[in-house]
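Engineer: Sharing a structure, written as structure tokens. Questions coming.
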Amino acid sequence: MKTLAALVFPGFQTLDFFGPIEMLGDPKYEIQIITVAQTNAPVTSRHGQRIVPDTTITERSTYDLLLIPGGDAALEECTNAEMLQWIRDVSESAERVMAVCTGTIVLGMTGLINERRATTNKQDFTATIHHAPKVDWVKEARWVEDGKFFTSSGVSAGMDMALAVLADLYGDEKAEATAVGTEYSWHQNPHEDPFAKLVGLV
């Protein structure tokens with residue numbers, strides 16, 4: 001059984017978190033999802049749901065997989081030195097590291113994806129990528145894979161990225177079955193990104 005550290009912080013974007021978790025939590029993969037926060041206190045999402053973390057960043061830093069959601073609060077809540085170091089520590093041994101939306105900006109600020117290709121939320125793209133100037137930012141991409149790092153565009157794109165990770169780890173057939181089981185139309189082409197055009201990035 002693999003372990004997945006699913007990071008939460010005050011104001012996290014709901015679908016950034018729960019969308020990928022829906023896919024990664026398919027029982028056939030036997031992935032143990034562990035919700036991690038900076039403290040043990042319940043964490044409230046952008047939309048008001050409260051989630052009780054399983055553990056904190058000070059209690060554990062070894063997991064097989066890592067998921068970093070985004071949200072408007074990400075750059076305020078996740079860019080303190082302690083959080084950035086925890087992300088570095090987990091990523092060192094993790095098999096796959098996933099970041100959704102502005103969670104990719106946070107990942108970029110750790111230095112882990114310097115000179116690597118990555119993408120992020122298209123509506124916030126030009127306003128946020130300066131926080132991680134050494135990343136090779138891809139303007140038009142639903143998600144990007146570079147080594148063990150998978151990053152996605154905004155919100156719903158995290159589900160496409162999570163399915164791509166499952167396909168990478170367990171094969172296309174199982175990932176496709178998960179998409180069908182959730183009645184989700186999986187955007188399997190990572191270059192299919194209408195929102196980059198919609199906001200004038202390309």
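Engineer: In a shell of Cβ-Cβ distance under 13 Å around Thr39, excluding Thr39 itself, what net charge do Lys and Arg (+1) and Asp and Glu (-1) give?
Structural biologist: Result for the local shell: -4.
Engineer: ³J(HN,Hα) across the range 52-62 via Karplus (A = 6.51, B = -1.76, C = 1.60, θ = phi - 60°), whole Hz, x for Gly/Pro?
Structural biologist: Result, rounded to whole Hz: 8, x, 7, 7, 10, 5, 8, 8, 6, 9, 10.
Engineer: Can you list residues whose amide H is under 5 Å from Gly11's amide H, if they're 5+ apart or on another chain and H is modeled 1.01 Å from N?
Structural biologist: Hits under the 5 Å cutoff: Thr44, Ser45, Arg46.
Engineer: Which far-off residues, 5 or more places away or on another chain, put their amide H under 5 Å from the one on Arg116, with H placed in the peptide plane?
Structural biologist: Residues meeting the criterion, in which the H sits 1.01 Å from N, are Asp136.
Engineer: If each residue's Cβ is checked for other Cβ atoms within 10 Å, how do Ile57, Ile68, Ile113 rank with the fewest at the top?
Structural biologist: Sorted ascending by nearby Cβ count, the order is Ile57, Ile113, Ile68.
Engineer: Oh, and also: Could you work out how much longer the chain between Val52 and Glu82 gets when fully extended? Use 0.36 nm per residue separation minus the Cα distance between them, nm to one decimal.
Structural biologist: Once the chain is fully extended between Val52 and Glu82, it gains 8.8 nm.
Engineer: With charges set only on the Cβ (+1 for Lys and Arg, -1 for Asp and Glu), what does the dipole of the chain come to about its Cα centre, in debye to the nearest 20?
Structural biologist: It works out to roughly 320 debye.
Engineer: Another one. Please give me the summed charge of the neighbours of Phe18: other residues whose Cβ is under 14 Å from its Cβ, Lys and Arg +1, Asp and Glu -1.
Structural biologist: So the environment of Phe18 carries a net charge of -1.
Engineer: Let me ask you something else. Taking amide hydrogens as modeled 1.01 Å from N in the peptide plane, which residues meet the under 5 Å criterion relative to Thr3, leaving out close sequence neighbours?
Structural biologist: Gln32, Asp64, Leu65
Engineer: Dividing the Cα radius of gyration by the Kirkwood radius, what Rg/Rh value follows for the chain?
Structural biologist: 0.93
Engineer: Whole-Hz ³J(HN,Hα) for each residue in the range 164-176, computed from phi via Karplus 6.51 cos²θ - 1.76 cosθ + 1.60 with θ = phi - 60°, x for glycine and proline: what do you get?
Structural biologist: 5, 5, 4, 5, 5, 7, 10, x, 4, 4, 5, 5, 5
Engineer: When the helix-only estimate is applied to the chain (DSSP H runs of n ≥ 4, each -39,500 (n - 2.57), divided by the residue count), what is the mean residue ellipticity at 222 nm, nearest 500 deg cm²/dmol?
Structural biologist: -9500 deg cm²/dmol
Engineer: What is the diffusion coefficient of the range 33-129 in µm²/s, taking the Kirkwood radius over Cα pairs and the Stokes-Einstein relation at 20 °C with a viscosity of 1.002 mPa s?
Structural biologist: D = 154 µm²/s.
Engineer: A further question follows. Short version: ³J(HN,Hα) in whole Hz for each residue of the range 18-24, in order, from phi by Karplus 6.51 cos²θ - 1.76 cosθ + 1.60 (θ = phi - 60°), x for Gly and Pro, what are they?
Structural biologist: 6, x, x, 4, 4, 6, 5
Engineer: Sort Val97, Val52, Val138 by Cβ crowding within 10 Å, fewest neighbours at the top.
Structural biologist: Ranking Val97, Val52, Val138 by Cβ neighbours within 10 Å, fewest first, gives Val52, Val138, Val97.
Engineer: Here's a follow-up. How much length is gained on full extension from Glu95 to Ala127, taking 0.36 nm per residue of separation minus their Cα-Cα distance?
Structural biologist: 8.5 nm
Engineer: Could you tell me what percent of the DSSP beta bridges with both partners in the range 2-198 are antiparallel, to the nearest 5?
Structural biologist: Taking every DSSP beta bridge within the range 2-198, about 20 percent pair in antiparallel fashion.
Engineer: Which of Gly25, Phe149, Thr102 sits farthest toward the positive end of the charge dipole of the chain, with +1 on the Cβ of Lys and Arg and -1 on the Cβ of Asp and Glu?
Structural biologist: Positive-end residue among those listed: Thr102.
Engineer: Continuing with the same structure: For Glu22, Glu95, Glu115, what ranking results if the residue with the fewest other Cβ atoms within 10 Å of its Cβ goes first?
Structural biologist: Fewest-to-most Cβ neighbours within 10 Å comes out as Glu115, Glu95, Glu22.
Engineer: Can you give the net charge of the other residues whose Cβ lies under 13 Å from the Cβ of Gln123, counting K and R as +1 and D and E as -1?
Structural biologist: 0
The numbers here are math on the coordinates, done by the rules we state, and not lab data. The model shown is predicted, which means the values in this text are computed figures rather than measured ones. Virtual Cβ from ideal backbone geometry, glycine too; neighbours counted across all protein chains shown.
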